[in-house]
Amino acid sequence: MAEALDYKQIGTTPVRPDGFDKVTGRAQFGADVNLPNMLHGKVLRSPHAHARIKSVDVSGALAMPGVYAAISGADFPGGRLEGEAGGEGGGSMNDVAKNVMARNKVLYHGHAVAAVAASTVRLAEQALQAIKVEYEVLEPVLDVVEAMDPQAILVNEDNYTALPEKPEKPSNIANVGRLERGNLEEGFMAADVVIEREFTCPMAHQGYIEPHACVASIDERGRGTVWCSTQGHFEHRAATSKMLGKNMADLKFVATEIGGGFGGKTVVYLEPLATMMSEKSGRPVKMTMSREEVFRATGPSSATVARVKVGVRKDGTITAAQSWIAFEAGAFAGAPYMPGAMSIYAPYAIENFLVETFDVLVNKPKVAAYRAPGAPQAMHAFECALDEAAQLLNMDPIDLRMVNAADEGTQAPYGPKYPPIGFKACLQAAKKHPNYLKPVPDGAGRGVAVGFWFNVGMQSSAEVNINENGSVMIIEGSPDIGGSRASMCLMAAETLGIEYDDVRAQVGDTESTGFCNVTGGSRTTFATGMAVTQACEAVIADCKRRAAMTWGLDEDQVEWEDGQAVPGPGVNADVKPLSLAELARKAGKTGGPITARASLNAQGAGAAFSVNFGDLRVDRETGKVDVLSFTAIQDAGRAIHPAYVEGQMQGGAVQGIGWALNEEYIFDDNGVLENAGFLDYRIPVASDLPMIDTEIVEVPNPSHPFGVRGVGEAPIVAPLAVCANAVSRSLDMRITDLPMSPPRLLDAIEG
Amino acid sequence: MAKVVFSNAMMIATGGAREAVFAVANFRELTQILIEHWPGLEELIEQSAVAVDGQIYQDAFAEPLAPETEVFFMPRIEGG
C-alpha cells in the first residue's frame with residue numbers, strides 16, 4: 001500500500017459529480033419520474049394499532065370510473081416466503097411481505113390494508129374511502145418491558161422465542177442475545193465504585209427528507225421496470241419479485257437519486273404494491289408516501305430500555321460490566337439486539353462482562369436500520385455510566401477511557417482480536433484538541449463519549465470502460481447517498497494515474513451492472529471502492545499487454561507509471577511511453593475496447609472508532625438546551641475525500657444530537673403516533689447548532705488497498721451520551737432518559 | 001491446528017464447549033469437521049460471520065487457515 005504522501009488524487013476534495021444537478025433541481029429523485037398514462041397509487045392504512053381483519057372488500061373502489069386496480073392481502077401469493085431481507089434487522093422475507101400488506105391482522109396504526117391505482121391522486125384517495133374493512137379491535141402492546149411479561153397480550157400468536165429448544169408458549173420476545181466473559185462477581189468485588197442505572201432511548205426517525213417513492217411500469221408479459229428511491233435496488237428487486245412470485249429477471253430496478261436514507265431505505269414498502277397494480281392495470285403506477293405515511297408506516301430506530309451496572313477501580317480500570325437491554329422491534333422481529341450487544345463494550349478491554357439483549361415485538365411500526373443500528377442506544381447507556389464513574393473518581397473522562405482502551409491485539413468483547421484500530425489515536429487527538437483544552441463555559445457542562453461501528457464489506461461489482469480518448473467511465477451498483485461516486489472516481493484516478501476530471505461514475509440499474517448489496521453498513525467506499533480498484537488494476541494489466549504488443553516486448557517488461565505504460569527498469573527499448581489516451585486511440589489494433597470488471601465479496605472491513613465531546617448549557621427556566629460547541633473525532637482509516645468524510649461525521653453528530661435532545665415518537669394509549677410530521681417531530685435545524693468541528697484520524701485498514709474504513713455509521717453513536725453527560729454535569733444530576741426535551745428537563749430540575 | 005471459539009448461541013449446539021482445536025487446512029475443512037462433531041452447528045455456521053485471526057469474513061468459504069490460527073464465529077452484521 002502506498003503511503004499517504006504518494007497520493008495525487010486520494011485526499012483531495014473535488015465537488016461531487018451529482019452536486020450540480022442537485023443544487024439546480026435537475027437531479028431525478030424517486031418522485032420525479034413520470035411516464036405517459038401513469039396512474040397514481042395510494043394505500044389504505046389501518047386506523048388501529050392491533051386488530052384482526054375480518055374482511056376486506058375492494059369492489060367499491062374498483063367500480064369507480066378512473067380506478068384501474070385495487071388490491072389487498074388476498075392478492076398476494078400464499079405460502080411462506082423463505083430467506084432474509086437485506087439491511088440490519090431486515091427480518092424474514094415472510095414478515096417483510098406482511099409488513100408491505102397486512103394479511104389476517106394489522107399490527108400497528110398505519111399498517112397497509114389495501115391499495116388502489118387511479119388516474120389522479122385525488123381519485124385514488126377517494127377510492128380508498130370506498131374500500132370496506134371489518135376489524136375486530138384488539139388491545140395494543142405498547143410498552144417494551146410489559147411486552148416481555150409472559151402474561152402479556154401477544155402481538156403475534158405464532159411468535160416463539162428463537163431458542164435451541166422451542167419454548168412451550170409463544171411470546172413477544174423474538175430473539176435473545178448474550179455475550180459474556182470472566183467472572184462478574186469477582187469483577188464487581190474488585191471495584192472501588194459501582195454505578196447502576198436504567199436508561200431509556202426513544203424511537204427515532206432517520207430524518208431523510210425525501211419520502212419513499214417509486215414508479216412501476218409492467219407490461220402484459222409481467223415484465224418491466226421499477227424506478228425507486230432506495231439504498232439497494234438489487235435487494236429491492238429480490239424482495240419485490242419474491243413476494244409477488246415473479247422471476248427477478250422480469251424486473252429491472254433503477255435507483256433514482258436519493259434524498260437520504262440512513263438505513264431507512266433498505267426496506268421495501270411501495271415497490272411490490274406499485275408493481276402488482278401496474279401489472280393488473282397495464283399502466284405505469286406511481287406511488288409516493290406523504291410525510292405522515294413515512295412516520296406512521298416506515299421503520300424508525302428501536303426504542304430501548306437499558307439497565308447497566310459497571311464497576312471501576314480508583315485507577316480507572318473497569319473491573320466488571322453487566323447490561324440488560326430490551327429493544328423494541330415493532331410489529332415484526334428484527335430489532336438490532338445483536339449489534340447492540342456486540343457494540344456496547346467494543347471500545348474497551350474488559351475482563352469480566354455480561355450483556356443480555358432482547359428483540360421484542362410491540363404494536364408499533366417495524367423498526368428499520370438507522371446508522372449503526374443498535375449501537376447508539378446501547379452505548380448511550382454504558383458511556384453515561386462510565387462518565388458518572390469518572391465524576392465519582394474525579395478523573396478526566398478521556399483518561400478513564402484511555403486506561404481501558406482496546407488496541408491492536410485486544411480481544412473484542414464480541415470475539416476476535418482487533419487488527420490495527422485507531423481508538424487510542426482518537427482519544428489522544430481528543431485530549432490535545434484545542435476545543436478540549438478550553439475551559440468549560442460558565443453554566444455549561446462538558447460531555448465526553450465514544451462511538452464504535454464494526455463496518456462490513458459484502459458483495460459489490462464494478463465495470464471500468466476506457467473511452468476512445470482515454471477518459472474513464474465507471475459503472476457500479478451502489479446507490480450514491482454520501483458522495484460515493486466522487487470517491488469511486490478518486491480511487492480510479494489514483495489507481496490509473498490519471499486526473500479526477502477524466503473519470504465519471506454512474507450507478508447502473510440491475511440490468512447494467514453486477515450485483516451489489518445495499519449501500520449500508522459503511523461499506524460502499526470500502527467494498528465497491530475495492531471492486532473499482534480491482535477493475536482499474538485489470539485495465540492496467542491489459543494496457544501493459546497492449547503496450548508490450550506495440551513495442552514487441554514481453555508483458556513483464558512493461559510497467560505502469562503516472563498513467564502511462566513505460567519500459568521496465570533495465571529494458572533496452574527506444575520507445576515513447578504510451579498514455580492511457582494513446583492506448584485507447586489504438587485499441588482497435590490491439591484487441592478492441594479497453595474494459596474490465598471486478599466482482600467481489602469484500603472481507604476485512606476495519607472497525608471505526610470515534611471520540612466526541614461537547615459543551616451544552618441548560619436554561620433552567622425553560623429546560624431548553626443550547627449546544628455551545630461540539631467536536632467529532634474519528635478514525636477513517638484513509639479519507640478518500642476528506643470533505644465528505646467530515647460531512648458524514650457532522651451529519652451523524654447532528655442526528656445524534658437531535659436524538660438526544662428532542663426527537664421521539666410519541667404514541668397515545670391506543671398506539672396512534674401523535675407527532676407524525678416534522679413540525680411536531682423536531683429534528684435540529686442549522687440555527688439550533690454550532691459548527692460541528694471535526695478531526696479525521698487515519699490509522700489505515702490493512703485489508704483495503706488504500707486503507708479505507710467505513711465512516712458513515714460511527715458518527716451517530718457517541719453524541720447521545722455526549723449530550724446526556726454534558727447536561728448531567730451542567731445540572732449536577734444524572735439525566736437517564738432521552739430525549740432531554742424541555743418538558744422532561746424541567747421535570748427533572750423541579751424534582 | 002486451528003483454534004475455534006464458538007459464539008454463545010453455538011455453545012448450546014456444542015453441549016457447552018466454548019473452544020475446540022482441529023488440524024485443518026482451510027475453512028471448508030473446518031466447517032465439515034465441526035458439523036461431523038456437532039450436526040446442530042450446520043445452520044448456525046451458515047448464519048454466522050467468522051473472524052480469522054481478527055479479520056472478519058461475512059461469508060467465509062475456503063479461506064486457508066494457517067497453523068495456530070484463531071477462528072471466531074460471530075453474528076453477522078450489516079448496518080444501515
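Values quoted throughout were computed directly from the atomic coordinates according to the rules given, and no laboratory measurement underlies them. In this text, all values refer to a predicted model and were calculated from it rather than measured experimentally. For neighbour counting, all protein chains shown are included, and Cβ atoms are generated from backbone atoms with ideal geometry for every residue, glycine included.
Just a few scattered comments:
- Using the rule -39500 (n - 2.57) for each DSSP H run of four or more residues, divided by the residues of chain B, the 222 nm mean residue ellipticity is -8000 deg cm²/dmol.
- Counting only other chain Cβ atoms within 10 Å of each residue's Cβ, the peptide B:45-55 averages 4.
- The trypsin sites (Lys or Arg not before Pro) of segment A:270-356 that DSSP puts in a loop, and whose beta carbon has at most 13 other beta carbons within 10 Å, are A:K314.
- Across all Cα pairs in the protein assembly as shown, the calculated P(r) in 10 Å bins from zero up to the longest distance comes to 3, 13, 22, 25, 20, 12, 5, 1, 0 percent per bin.
- Debye log10 I(q)/I(0) at q = 0.17, 0.22, 0.25 Å⁻¹ for segment B:32-79, Cα point scatterers: -0.52, -0.85, -1.04
- Rounded to the nearest 20, the Cβ-based charge dipole of segment A:189-286 about its Cα centre (Lys and Arg +1, Asp and Glu -1) stands at 620 debye.
- Volume of the Cα convex hull of segment B:2-75, divided per residue and given in Å³: 73 Å³
- Options A:F295, A:G245, A:I735, ranked by Cα towards positive dipole end of the protein assembly as shown, top entry (Cβ charges): A:G245
- Among the cysteines of chain A, those whose beta-carbon sits 4.7 Å or more from every other cysteine beta-carbon are A:C201, A:C384, A:C426, A:C489, A:C516, A:C536, A:C543, A:C723.
- Cβ-based charge dipole, segment A:601-751, positive-most Cα from A:A602, A:P684, A:S703: A:S703
- In a simple Cβ point-charge model (Lys, Arg +1; Asp, Glu -1; nothing else charged), segment B:2-75 has a dipole of about 160 debye relative to its Cα centre.
- Net dipole in debye of the protein assembly as shown [+1 Lys, Arg Cβ; -1 Asp, Glu Cβ; about Cα centre; nearest 20]: 1580 debye
- Two tests apply to each whole DSSP H helix in chain A, Cα reach of 30 Å or more along its axis and mean Kyte-Doolittle hydropathy of at least -1.0, and the ones passing both are A:529-551.
- With at most 16 neighbouring Cβ atoms within 10 Å, loop GluC sites (Glu not before Pro) (DSSP) excluded, longest segment of chain A: A:221-350
- Sites matching chymotrypsin sites (Phe, Trp or Tyr not before Pro) across segment B:16-80 that sit in DSSP coil, with at most 14 neighbouring C-beta atoms within 10 Å: B:F61
- Part-to-part distance (alpha-carbon centres) for segment A:18-69 and segment A:561-620, which is given in Å: 43 Å
- Bridges between two residues of chain A, per DSSP, are antiparallel at a rate of about 75%.
- Of the trypsin sites (Lys or Arg not before Pro) found in segment A:3-75, the ones in coil according to DSSP and having at most 11 other Cβ atoms within 10 Å of their Cβ are A:R26.
- Computed [θ] at 222 nm, deg cm²/dmol, chain A (DSSP H ≥ 4; -39,500 (n - 2.57); rounded to nearest 500): -7500 deg cm²/dmol
- Cα lying deepest toward the dipole's positive end in segment B:2-75, options B:I35, B:T14, B:M74, charges on Cβ: B:T14
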